[in-house]
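Quick notes on the structure that follows.
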Amino acid sequence: MTAASDPALLTLEDWFALGEDESLRRAELCRGVLEVSPSPSPRLAHARAIRRLANTIEAQLPAGFDVYDEVDVVLQRTPATVRQPDVIVLASGAPEPLTAADVLLAVEILSPGSRRTDRVIKRAEYAAAGIRHYWIVDLDGPSAEVLTLVDGAYEGPTVADRIAVDGLLPLVVDLSALR
């Protein structure tokens, strides 16, 4: 039996048919299973850090790129996996639904309840889906794992206080300013 034929698993069509529901704000779909978790604690600090990071990145993006926070990204069709990275960067005009192929950078900001998911599960899922750059930001340091996909796995340094990257999207982020 394949995952797609299991009536207990949600398909992408089922996921999108759920519609918007603010009570499921932290809902994601993982291999056909609906995962619902409470908002990060403390929620306001996490939300502020997401907004500040998105604003910092947006101010540095060249024309033709956009930044979004907490939007659905389809990582896999079957079994269906849809995640909501805290922040993403993509080329302007990407069609909806967004897929991993559209995402140039995905960022997760750790909270007490998301550490394992962000560092292990999402890291593996984002790599398998082909998201080229993944940052894992820890506000406690502050520090960040600044990862690039190399031969199917993420590699990169853990930096303290400041992210500075060159390449297609040269970006500088003062991590202490996110708190």
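The values are calculated or read from the model by the stated rules, or taken from the named source; none is laboratory data. Because the structure is a prediction, the values reported are computed rather than measured. Note that we place each Cβ from the backbone using ideal geometry, even for glycine, and neighbour counts take in every protein chain shown. Just so you know, the surface numbers come from the protein's heavy atoms only, side chains and all, with ligands and any DNA or RNA stripped out. Shrake-Rupley method; radii C 1.70, N 1.55, O 1.52, S 1.80 Å.
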Q: Filter segment 143-154 for residues that are in contact with a strand residue (DSSP E or B) (Cβ under 9 Å, 6 or more places away or on another chain) and either closer than 11 Å to ILE109 by Cα or of a type in the set (Asp, Glu) (or both) and give the result.
A: SER143, ALA144, GLU145
Q: Quickly run through segment 85-119 and pick out the residues that are open to solvent by 30 Å² or more (accessible area, probe 1.4 Å) and closer than 22 Å to ARG43 by Cα.
A: PRO112, GLY113, ARG115, ARG116, THR117, ARG119
**Q.** Given (1) assigned to a strand (DSSP E or B); (2) more than 20 Å from HIS46 (Cβ to Cβ), index of the condition ILE136 fails
**A.** (2)
Q | Residue list for segment 104-138, filter: modelled with pLDDT under 95 and farther than 19 Å from CYS30 by Cβ | A | PRO112
Q: Considering each residue of segment 145-179, count those that are in contact (Cβ under 8 Å) with a residue 60 or more places away in the chain and either under 20 Å from ILE131 (Cα atoms) or part of a strand (DSSP E or B) (or both), and give that number.
A: 7
Q. List pairs: first in segment 1-26 and at negative phi and basic (Lys, Arg), second modelled with pLDDT under 70 and outside any helix (DSSP H, G or I), Cβ under 7 Å, 6+ apart or cross-chain?
A. ARG25/SER39; ARG26/PRO38; ARG26/SER39
